Amino acid sequence: MSTGTGADSAPGHTSTTTTAPGGSAGRQTMFSSLKIRNYRLFATGQVVSNTGTWMQRIAQDWLVLSLTGSASAVGITIALQFLPMLLFGLYGGVLADRLPKRPLLITTQSAMGLTGVALAALTLAGHVQVWHVYLAAFLIGLVTVVDNPARQTFVSEMVGPAQLANAVSLNSANFQSARLVGPAIAGVLITAVGSGWAFLMNGLSFAAPIAGLLLMRTHELHSVTPQPRAKGQLREGLRYVAGRPELVWPIVLVGFIGTFGFNFPIWLSAFVDDVFHGDAGTYGLFNTLIAAGSLAGALLAARRGQARLRLLVTAAVLFSALLLVTAFAPGFWLFAALLVPIGMFGLTVNVVANSSVQMATDPEMRGRVMALYMMVFTGGTPVGAPLVGWITDTYGARLGMASGGLLSLAAAVGVAVVLSRVGNLRLSVNRRGIAFVPSPRRELTTAA
């Protein structure tokens, strides 16, 4: 276990008492971190930008499908966007620990906005080709390598350790709120005037987070001293994680879930096109339903204020099982309804793993640890997306989705077994869910 400041907030020991910006202690509520001005500015900018991001995601997937008619091509696009994280993600974490995060984020957000505007210009001019979309996805991925760990760790600098778990959950709620609006707007725009306008709105939306960052009061930040440039910082981060089971196993689990279970652009576009014979509006509806469940999961996580491995494993098992059930749903509306709990449990996996990892990590290592977390979570997509896309193209949407659910379920059960052995625990399944309890042998030893 960590002996630094991160150990004081390790999973399972999080207090529900928080310290307000003025220094007085108060009870943590669902929206308590929004009392902090800098975080309010950040959250406001992010909800605008996230809405544009979801619009671009839907427009990008639908444009590739329209240009190629292939679910595999959609998978390649997704893979290219996440490939830089797999290749360079750890280096992005090193940079996030070395550089001041606020100016770094202004730079990365500006770069992503320019990429969206460039893709919009090509599409609106009628010159867009599939390789243009591939290139844009790859460039966005390159910027994300640095933006993601910087943005994740900047949250703790805005709110401090007492409000970190709440702010992480609200970040996810923010993202999912935008996911409710973005796909719906994108579906209308694509049907009415084409994908180009969705790309343009995404590019312009980055003005909001940049403005929020510029308006922040820097003296109110809980600044972490940037780490000086030194050799071996990447290896130091890996050694740090390797010696802490409370970091290793959440990262392993979200790696499998992210690689094989979060391939919704592939599955949903295939279900819309091949099974239900819908259009861009149907695709937007499916994404909106997943977002509704995800938003509910994020808000419930914000109320809990704690991150427990028991909850993580339970949510992962339920998420994976629901993927299997939904894959063989016989009718349109049953399939659509099941997307809501899939979104809720999938988001719970993400939030609980993210919170537990951040809270158990020392501040000076947080950039590298979160870079590893994001590299594993999203970096597996270049492996999983083409594989799942090929299965979907070859054997159909139902078997494609079922394969992702089966692999995710195997990972969740495997991590549960490993955790029980590491902690000398046994797995207990009852009406309250899945729990780890001391094994009889351990209880006897303790009693003796």
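The values are calculated or read from the model by the stated rules, or taken from the named source; none is laboratory data. This structure is a prediction, so every number in the text was calculated from the model and none was measured. Note that we place each Cβ from the backbone using ideal geometry, even for glycine, and neighbour counts take in every protein chain shown. Heavy atoms of the whole protein, side chains included, go into the accessibility calculation; ligands, DNA and RNA do not. Shrake-Rupley method; radii C 1.70, N 1.55, O 1.52, S 1.80 Å.
Scanning the range 193-239 for residues that are small (Gly, Ala, Ser) and not in a loop (DSSP other than H, G, I, E, B) gives Ser195, Gly196, Ala198, Gly203, Ser205, Ala207, Ala208, Ala211, Gly212, Gly237.
Any residue that is modelled with pLDDT of 80 or more and closer than 19 Å to Val376 by Cα - is there at least one of those in the range 301-314? Yes, the conditions are met somewhere in the range 301-314. Only one entry of Val413, Val383, Val388 meets the criterion of being open to solvent by 10 Å² or more (accessible area, probe 1.4 Å) and more than 27 Å from Val94 (Cα to Cα), and that entry is Val413.
Quick check on my filter: what residues within the range 270-296 are open to solvent by less than 10 Å² (accessible area, probe 1.4 Å) and either closer than 21 Å to Ser172 by Cβ or without any contact (Cβ under 8 Å) to a residue 60 or more places away in the chain (or both)?
Looking only at the range 270-296, we keep the residues that are open to solvent by less than 10 Å² (accessible area, probe 1.4 Å), and these are 270-272, 280, 283-284, 286-287, 290-291, 293-294.
Scanning the range 270-296 gives Val272, Gly284, Phe286, Asn287, Ile290, Ala291, Gly293, Ser294.
With respect to the conditions (1) at pLDDT 80 or above; (2) open to solvent by 10 Å² or more (accessible area, probe 1.4 Å); (3) of a type outside the set (D, E, K, R), Pro161 falls short on a single one, namely (1). If you go through the range 90-112 and pick out every residue that is touching a Leu at 6+ places or on another chain (Cβ under 7 Å) and over 20 Å from Thr361 (Cβ atoms), you end up with 2.
The single condition among (1) of a type outside the set (Asp, Glu); (2) touching a Ser or Thr at 6+ places or on another chain (Cβ under 6 Å); (3) free of Cβ contacts under 8 Å to residues at least 12 places away in the same chain that Lys231 does not meet is (2).
Based on what the data block shows, is Gly400 farther than 19 Å from Val168 by Cβ, under 21 Å from the mean Cα position of the chain (by Cα) and part of a helix (DSSP H, G or I)? Spelling it out, it is not the case that Gly400 is farther than 19 Å from Val168 by Cβ, under 21 Å from the mean Cα position of the chain (by Cα) and part of a helix (DSSP H, G or I). None of Leu142, Leu124, Leu86 is at pLDDT 90 or above and under 18 Å from the mean Cα position of the chain (by Cα) except Leu142.
The single residue among Val241, Val188, Val252, Val181 that is more than 19 Å from the chain's Cα centre (by Cα), of a type in the set (A, V, I, L, M, F, W, C) and open to solvent by 40 Å² or more (accessible area, probe 1.4 Å) turns out to be Val188. One residue is enough: does the range 34-53 have a residue meeting the conditions modelled with pLDDT under 85, assigned to a helix (DSSP H, G or I) and within 20 Å of the chain's Cα centre (by Cα)? Looking for residues that are modelled with pLDDT under 85, assigned to a helix (DSSP H, G or I) and within 20 Å of the chain's Cα centre (by Cα), one finds none in the range 34-53, hence no. Checking each residue in the range 379-395 for being polar (S, T, N, Q) and closer than 13 Å to Phe260 by Cβ picks out Thr381, Thr392.
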